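Working notes, beginning with the structure itself.
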There are 2 protein chains.
Amino acid sequence: MIKVSVFYRNQSGSRFDADYYLSVHMPMAAKLLGRAVKSVTAEIGVSGEAPGTQPAFAAIAAFTCDSADDFLRAFMPVADRLQGDIPNYTDIEPVIQISNLTEFPIAPAGNADVKSR
Amino acid sequence: MIKVSVFYRNQSGSRFDADYYLSVHMPMAAKLLGRAVKSVTAEIGVSGEAPGTQPAFAAIAAFTCDSADDFLRAFMPVADRLQGDIPNYTDIEPVIQISNLTEFPIAPAGNADVKSR
């Protein structure tokens with residue numbers, strides 16, 4: 001599984017309309033990309049590691065697909081519409097990355113003692 | 001739902017041992033953090049937007065939790081063990097961010113025509 005991530009750096013003086021992004025842009029992206037995409041998420045930065053500090057990114061969108069080719073086939077026909085919507089919510093130039101995604105099993109119930117070993 | 005992300009920037013001249021990270025460090029993190037964590041993923045950077053270009057990040061780890069407090073309660077007792085393992089796979093200083101996570105519904109089967117409207 002691959003993940004296509006779209007990073008919006010948290011830049012001083014830039015604008016990012018999280019309401020528009022979450023209520024208009026991302027639902028439109030999920031709809032336009034269609035079934036090639038297995039999951040669609042958006043992260044809105046809250047803080048850095050310490051509470052109250054600035055997050056490195058204002059937002060990050062992520063799309064998982066079976067392959068980068070699958071994503072590109074779905075994305076290219078709608079790229080103009082999606083990219084044309086960006087000025088409606090931000091003036092930050094997004095950075096895009098394609099990664100290989102690995103999911104790890106989480107601890108089963110009753111295994112909490114591993115925390116204190 | 002919140003997401004704690006750990007970003008390793010892809011820096012020229014730095015090392016990142018993806019095999020160790022995926023086979024030793026991340027499974028250890030999933031085990032030590034225990035049930036406070038709802039999902040654990042790791043991304044290994046493949047490329048930027050265009051095939052063959054350098055990705056912005058060598059790797060990104062992500063942990064989803066009900067709240068930042070839940071994460072910190074699970075993380076603090078094991079922080080030394082997890083952070084002490086970092087030199088075993090990289091010399092990149094990680095950047096940590098806490099975000100609010102939103103998942104979007106994907107297009108249902110049979111709705112592929114939205115792609116070409």
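The values are calculated or read from the model by the stated rules, or taken from the named source; none is laboratory data. Nothing here was measured: the structure is a model prediction, and the numbers come from that model. Neighbour counts run over all protein chains shown; Cβ positions are idealised from the backbone, glycine included.
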If we keep only residues of the stretch B:47-80 that are more than 22 Å from A:ILE44 (Cα to Cα) and hydroxyl-bearing (Ser, Thr, Tyr), then the residue surrounded by the fewest Cβ atoms within 10 Å (Cβ to Cβ) is B:THR53
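Listed here are the residues, each with its yes/no results for (1) closer than 18 Å to A:ALA79 by Cβ; (2) not in a strand (DSSP E or B).
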{"site": "A:HIS25", "(1), (2)": "yes, yes"}
{"site": "A:GLY34", "(1), (2)": "yes, yes"}
{"site": "A:THR41", "(1), (2)": "no, no"}
{"site": "A:SER47", "(1), (2)": "no, no"}
{"site": "A:GLN54", "(1), (2)": "no, yes"}
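Residue check: is A:VAL78 hydrophobic (A, V, I, L, M, F, W, C) and under 15 Å from the mean Cα position of the chain (by Cα)?
Details: hydrophobic (A, V, I, L, M, F, W, C): yes; under 15 Å from the mean Cα position of the chain (by Cα): no.
In short, no.
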Condition check for B:ARG15: among the basic types (Lys, Arg) and buried (at least 16 other Cβ atoms within 10 Å of the Cβ) = no
When restricted to B:PHE63, B:PHE16, B:PHE7, the only residue in contact with a Phe, Trp or Tyr (Cβ under 7 Å, 6 or more places away or on another chain), facing another protein chain (nearest Cβ under 9 Å) and under 30 Å from A:LEU72 (Cα atoms) is B:PHE7
If you go through B:ILE44, B:ILE98, B:ILE92, the only one that is touching a residue at least 60 places away in the same chain (Cβ under 8 Å), among the β-branched types (Val, Ile, Thr) and either buried (at least 20 other Cβ atoms within 10 Å of the Cβ) or at the interface with chain A (Cβ under 7 Å from one of its Cβ atoms) (or both) is B:ILE98
Across (1) more than 16 Å from the chain's Cα centre (by Cα); (2) at pLDDT 95 or above, A:ALA107 clears everything bar (2)
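Could you look through the stretch A:19-37, keep only residues that are facing chain B (nearest Cβ under 7 Å) and within 14 Å of the chain's Cα centre (by Cα), and pick out the one that is nearest to A:ILE98 (Cα to Cα)?
Looking at residues that are facing chain B (nearest Cβ under 7 Å) and within 14 Å of the chain's Cα centre (by Cα), I get A:VAL37.
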